[in-house]
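Report on the following structure.
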Amino acid sequence: MPTTTDVAIVGAGPTGLVAACELLRHGIAVRLIDARPEPSAHSKALLLWPRSMDVLDRLGIARAAAGKAIPLRRFSYYSSKRPVAHIDFDAGTFPQCLPQRSTEEVLTELLHELGGTVERGRRLVELDQRPEGVRLVTRDADGETRTMTAGWVIGADGAHSTVRDLLGIEFAGATYPNTFMLVDAFATARRRGAGGDLLARDIAHYYQSPGGVLVVVPLPDGRSRFFVNAPTGQPRASLELLQDVVEQRGPGGVDLADPEWISTFEVHHRLVTRMRGGRCFLAGDAAHIHSPAGGQGLNTGLQDAHNLAWKLAAVITGRAGPVLLDTYHRERHAVARQVVRDTDIQTRAWLVSAPWKVRVRDVLLRAADATGVLTRRYAPVMAGRRITYPPMLRPPGRRARPHGGVGAAFPAGLPAAGQTRDGYRLVTVGSGALAGRARAAAAEWPGLVTHHALDQARVPSLPCAKDGYYLVRPDGYVADHGHPEDLDSVHALLAAFHPARAAVPTPTSEEHAMTTATATDPDAGAAGHDGPWKELGAELEVDTRDARSWVERIPRGESRPFHTHHRPWLTIVVSGGTAQVSDAEGAEPEDVELVTGTVKFNPLPAGGSVRHALRNTGDTDLVLVAVELGAAGDAR
Ligand SMILES: Cc1cc2nc3c(=O)[nH]c(=O)nc-3n(C[C@H](O)[C@H](O)[C@H](O)COP(=O)(O)OP(=O)(O)OC[C@H]3O[C@@H](n4cnc5c(N)ncnc54)[C@H](O)[C@@H]3O)c2cc1C
């Protein structure tokens, strides 16, 4: 094995496997290590929700996974054995039931096809970050230690993550006081009709009672998963104990036999405070763990990996600036926080025993059932169809609230969604003139953006009914949407995250006016002055005739020195917070709020320049992209 690699992935569970496959698909060198000598033989996570199936589809293995799975069409909820609510899933929301072991098998087959391998029996024990990369020390099962150097590290090493511990990242949360148990076993009705639809192969059941919860999920091999909170004073699971609990809490008359897996475990709800430490990222259970309620754990990890991998690949190949990686925590931490919160609410609802709380829960469930709100509203949430990331950027002059599906997945099933694997798709709906302009705009980002015209009549599920465009990211999420007059703003977004790929960008009308003014005004500019990036010690990421761009990363508590702008510029707030701006040495600083995703145009006073300094007063790092506009020349 080479001792240097682009990305070292620690942990070959579903999260690490997806990350490895996606990176290999982009031609990135990967080493994937796992402490276990063999993959886990247990069924563990069962549900694959549609958003995760989309990810597997993009990897080309959704069909293989679905071929081993069984679809679930309904979740039924009971209180003291009486039905109180149900959720019906449709073609766009139903989960596939596939034991984690099989999901990992499908992913491992793909990994091998892509030329990858899992280095098993190899445990990460030390990690040392340096500016040029990360040095990892591993220990093999036979005790031998080895070192490797990686440009980047993905910690996908599960709930007890070594990467997280070595980075010193807090895993805030708690452990539920209850012990939980499960058995995967065959179930048969003791007499004709016993058990009701408990034995149906496409329904999951949630029996809630003051004594505790019983969850029953059918498995593809004909067995069912029986999951319970342990009865008081019963610390260890056995088939006999679980048989008794199923009899007490379920419909009765069902016998369990031939168990494949019996387990006793604790359930936690924890979330890291940050999903990145320098060149190391945390993904999957290493970053968030929660109750199995709703079956979201594996799904969230798989989507973390998918979100991160294309960004890392783009940065490693020089297609994107490192600033793109700052969006990983921002996008995925919010999703994980929501999942931890939702599953906590569900778990507490399962376990209520005080009579008044049971009544409140049941009234709420019945009301939600009667109005169909669970099926209508909650099924798409579980399916992952409501995941929305904050806007990557908010171009100047555009509406404050994103619309047109910005931040959400581009509707699945459209031709463009499957074809955005390696770059952005600029999808247009509307006139030939708009399509022509979009084609020209895409041509300014060769190798990064391709244009695709859609016929509105054939895609009624688009989030905006008007003519316009959608800039779809390589992971299928909408980065930007607008109407024909907004089209130029795609350049600002792409320049912010992909500065090195910037061709000479088409100036927006505002930029165009300024460019023209500076070119024709002999007094514009400031001959002989250094550009502000030099005073700041920053490297130029874009250096074209019309624009120069650099990244300003200001750790919390730190300041940027005084520097002078001799040309108007845009400030793109990639990661915001609060700051104090001083206009002159010794002057009273002004408090400002820098809102993530906003873009500010900074004009110059007539014939003058702007000199200022800035101090980060917030508790997170500030990341700003500055784009100086106007013809290059004497100002440099
Ligand atoms: C009973 C049960 C039921 C569940 N049901 C569901 C469900 O229905 N749906 C759902 O989405 N989720 C469910 N989950 C959760 C799901 O199993 C996890 O969320 C999922 O396994 C997380 O995947 P991961 O790849 O992030 O971590 P893991 O699967 O834990 O993989 C981490 C890997 O890292 C390796 N590793 C650890 N430390 C090191 C080290 N120092 N060096 C090298 N390798 C290391 C480990 O050997 C392991 O292989 C369930 C979990 C349990 C226990």
Residue, nearest to the ligand (Cβ to nearest atom), within the stretch 130-146, restricted to residues that are open to solvent by less than 70 Å² (accessible area, probe 1.4 Å) and part of a strand (DSSP E or B): 138
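Is it the case, given these coordinates, that residue 165 is free of Cβ contacts under 8 Å to residues at least 12 places away in the same chain and either under 30 Å from residue 279 (Cβ atoms) or away from the ligand (no atom under 16 Å from the Cβ) (or both)? Before the answer, list the steps.
Working: free of Cβ contacts under 8 Å to residues at least 12 places away in the same chain: yes; either under 30 Å from residue 279 (Cβ atoms) or away from the ligand (no atom under 16 Å from the Cβ) (or both): yes.
Spelling it out, residue 165 is indeed free of Cβ contacts under 8 Å to residues at least 12 places away in the same chain and either under 30 Å from residue 279 (Cβ atoms) or away from the ligand (no atom under 16 Å from the Cβ) (or both).
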When residues of the stretch 186-203 are limited to those that are touching a helix residue (DSSP H, G or I) at 6+ places or on another chain (Cβ under 7 Å) and buried (at least 17 other Cβ atoms within 10 Å of the Cβ), the one nearest to residue 236 (Cα to Cα): 187
Selected residue (only one of 55, 84 is assigned to a strand (DSSP E or B) and among the aliphatic types (A, V, I, L, M)): 84
Candidate set from the stretch 257-310 (those that are hydrophobic (A, V, I, L, M, F, W, C), more than 8 Å from the ligand (Cβ to nearest atom) and modelled with pLDDT under 95); member that is farthest from the chain's Cα centre (by Cα): 267
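Against the condition open to solvent by less than 10 Å² (accessible area, probe 1.4 Å), of a type in the set (Gly, Ala, Ser) and over 30 Å from residue 24 (Cα atoms), how does residue 293 come out, does it pass?
In short, yes.
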Among (1) in a strand (DSSP E or B); (2) in contact with a Leu (Cβ under 8 Å, 6 or more places away or on another chain); (3) more than 10 Å from the ligand (Cβ to nearest atom) - the single one residue 115 does not satisfy: (1)
Elements of type strands (runs of 3 or more DSSP E) contained in the stretch 455-566, each with 1 or more residues being among the polar types (S, T, N, Q) and at pLDDT 85 or above: 559-565
Any hit, the stretch 10-24, residues being over 23 Å from the mean Cα position of the chain (by Cα), within 16 Å of the ligand (Cβ to nearest atom) and either surrounded by 24 or more Cβ atoms within 10 Å (Cβ to Cβ) or part of a strand (DSSP E or B) (or both): no
Selected residue [in the same structural domain as residue 314 (by TED's automatic domain parsing) and over 28 Å from the mean Cα position of the chain (by Cα)] from 157, 165, 140, 128: 140
Set 247, 266, 240: member being closer than 27 Å to residue 102 by Cα and acidic (Asp, Glu): 266
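The values are calculated or read from the model by the stated rules, or taken from the named source; none is laboratory data. Bear in mind that the values here come from a model prediction, so they are computed numbers and not experimental data. Glycine also receives a Cβ, built like all others from the backbone with ideal geometry; neighbour counts cover every protein chain displayed. The area values use the complete protein model at the heavy-atom level, side chains included, leaving out ligands, DNA and RNA. Shrake-Rupley method; radii C 1.70, N 1.55, O 1.52, S 1.80 Å.
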